[in-house]
Amino acid sequence: MKVFARENTVKVTSVLVLASLLLAHACFRLLPRVLETWNAQIVDKLFQLRSGSEEFRPRYDKTVVHVDLNNTTIHQLNNFYLNRSHYARVVRNLAAMGAGAQVYDFIFAARSGEEEDRALIDAVRSAGSAYFGVAFSLMEGQPGEKEPSGNSEALRFLDRTLWKVSVRGDPSFLPSGIQALPTFQELASASRGLGFLSIRPDDDGIFRRVPLLVRYNDGFYPSLPFRVVCDYLHVAPEKIEVVPGRSITLKDAARPGGQTRDVKIPIDGRGNMIVNFIGPWERMNHYNFADVFRASDDRDELEMWREELSGKIILLSDVTTGSADIGPVPTDVNFPLSGLHANVMHTILTGQFLRELDGFEMLGVELALMGIVLLLSVTCSPLVFSLGMVALGAVYLGTAATCFLYGSIVLHVLRPLFFLLFAAGSVSGYGYLSGEKEKEVLRRTFESYFAPSVVRKIMANPHLIAEGGQKKELTVLFSDIKSFSTHSAGLAPDVVQRFLNEYFEAMVDIAFSYEGTVDKYIGDGFMVFFGDPEPQADHAQRCVRAAIAMQKKARELDALWQKREGIPLRIRIGINTGEMIVGNMGSARRLSYTVLGAAVNLAQRLETNAPVGGILIGPATYEKICGEIPVRPLGEMSFKGLDVPVNVYAVPLGPEEEPADR
């Protein structure tokens, strides 16, 4: 029976754990904007933890630096509105300094003035290393129709400079770029190339990932940082391979003077790369736009700048107060978004990619957790299981943090924790309910043997019921009905059953009123003992008084039975006190809480030899009740199995039966 119950518990627990996993997944399917956002914010905390620690912070490659147009620039140049002549001079100066790439986080969408535009175009063409931006509206899926390319020279330029990359799979996962706003055509043609600047935040407004390619008309267009990095690593579009939802590979990539290698960039299902922010805005090297602008005034200073900036990728952006190009990122709530482009380039150049486990990999992690939960649920007590689940959640959080800090692997944090929470709640709830059910079954079983007051004490203190046998001094009572089988032979079985049930119910009520333990029913007889499971110093007196009450009740029932069916009710009772073994005894399939021993055997023989309607007690019982309850000595009596005769005593039921020497 226990094996069957255990197997059933394992099955139910397995179903509950599996249902908890499915429920966790269902929650994230139904409420992705809320729950996925919470998960992303937990990962943000790991970014912040890493950013504040020198041990975990990613190393900074000084190839990528900033030149900032900030408030100090305006004060130093004494000009709030810089014209394109200013930019032209900076382009020329950076070219003279040997910059590897000049990346302008600007879109010069229209002409400004002939002279200024010409100066900028000439400087850009001469430098050969300047990049500018283009803006797209990003949308999911395939755009309805091809964007017209004949409406302006700038749009025709975009069509001419489309990338044709190798795609292994369905490219529809990539976003589409529509409503292009490029740098005007002549400046774009003079530049090294254009790239889109458009980025979108996650649902909570935080910028965490960026697309590297968008579909545009019949090809693809790169983001500005991706375009710069590909040129810097000498990777042409035809050497770029895109695997939807997995990676973008730059084949035969090589830094200037370095060895060639393939660079595999992990991307998500929408073609986004997770930006591995190396820290706050100040983490990278920053130079002032005004200092670069004025560097050409002094040849020695220009030479010093050459030593500082030669071969580097320089990102130029407007970070003045009031600039709209600011937003929250995992490491900073007010982060100039040009720094996002810089971190994209830095992530690709250093190969410090963050890889987010895909759905199948996370499912494997969750199945491993499920196995541990099942093991805990079937091998541990409820308390240990609860503590184990808390520990398992803590271990998983530690594992997620370790994978992020040391392995640059991003685990889904929240959904497994939801699973553990649901599993802990459901399994604990089931354990509580099944435990309560078992207690109820146990309580009802106990009520058949013990008085209600004793049952309450046993349920509160289960140790009262001995697991094995214990030797105790107790008092035991045997009783049966004289010639009941003979008198009831002619009655219908249901009538016999009704009479016996009426009799036993009355007798058990009396036994329970004296807190006796009903051991067993033997045909028309029964056995009761006193003094266990709750210790009773007066167990002998309780037993004898209960026997007197039983004989009196039997006489009342006798009058009723005689009147109804003509059946007499005469009972005999034998009582003895002594040391006996008490506890659960029997087989593993059927146990019985009972007593054994010579004192028990004597009580049964006393009952067999007791007068009809009388109570016979042994000498040990007499010693316990002497002076408290009237008795009549009957002298010695020999019993089968006993070599020595035993002094026995009768207990009168009323004053008319009391002995004269009372």
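The values are calculated or read from the model by the stated rules, or taken from the named source; none is laboratory data. These numbers come from a predicted model, not from an experiment. Glycine gets a Cβ as well: all are built from the backbone with ideal geometry, and neighbour counts include every protein chain shown.
The table that follows gives values for the structure above.
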quantity: Residue within segment 113-122 that is touching a helix residue (DSSP H, G or I) at 6+ places or on another chain (Cβ under 9 Å), at pLDDT below 90 and not in a strand (DSSP E or B) present; calculated: yes
quantity: Selected residue (only one of THR73, THR13, THR37 is crowded, with 16+ Cβ neighbours inside 10 Å, touching a residue at least 60 places away in the same chain (Cβ under 8 Å) and closer than 30 Å to CYS403 by Cα); calculated: THR37
quantity: Test: residue in segment 131-141 that is among the acidic types (Asp, Glu) and either surrounded by 15 or more Cβ atoms within 10 Å (Cβ to Cβ) or modelled with pLDDT of 85 or more (or both); calculated: no
quantity: Test: VAL34 is in contact with a Phe, Trp or Tyr (Cβ under 7 Å, 6 or more places away or on another chain), outside any strand (DSSP E or B) and closer than 30 Å to GLY429 by Cα; calculated: no
quantity: Test: residue in segment 500-512 that is among the acidic types (Asp, Glu) and within 30 Å of GLY627 (Cα to Cα); calculated: yes
quantity: Segment 255-314: number of residues that are aliphatic (A, V, I, L, M) and in contact with a Pro (Cβ under 8 Å, 6 or more places away or on another chain); calculated: 3
quantity: Residue count for segment 252-268, restricted to those that are assigned to a strand (DSSP E or B) and under 29 Å from the mean Cα position of the chain (by Cα); calculated: 1
quantity: Any chance ARG564 is in contact with a strand residue (DSSP E or B) (Cβ under 8 Å, 6 or more places away or on another chain) and either at positive phi or of a type in the set (Lys, Arg) (or both); calculated: no
quantity: Residues (assigned to a helix (DSSP H, G or I) and either at positive phi or in contact with a Gly (Cβ under 7 Å, 6 or more places away or on another chain) (or both)) located in segment 400-437; calculated: LEU417, LEU420
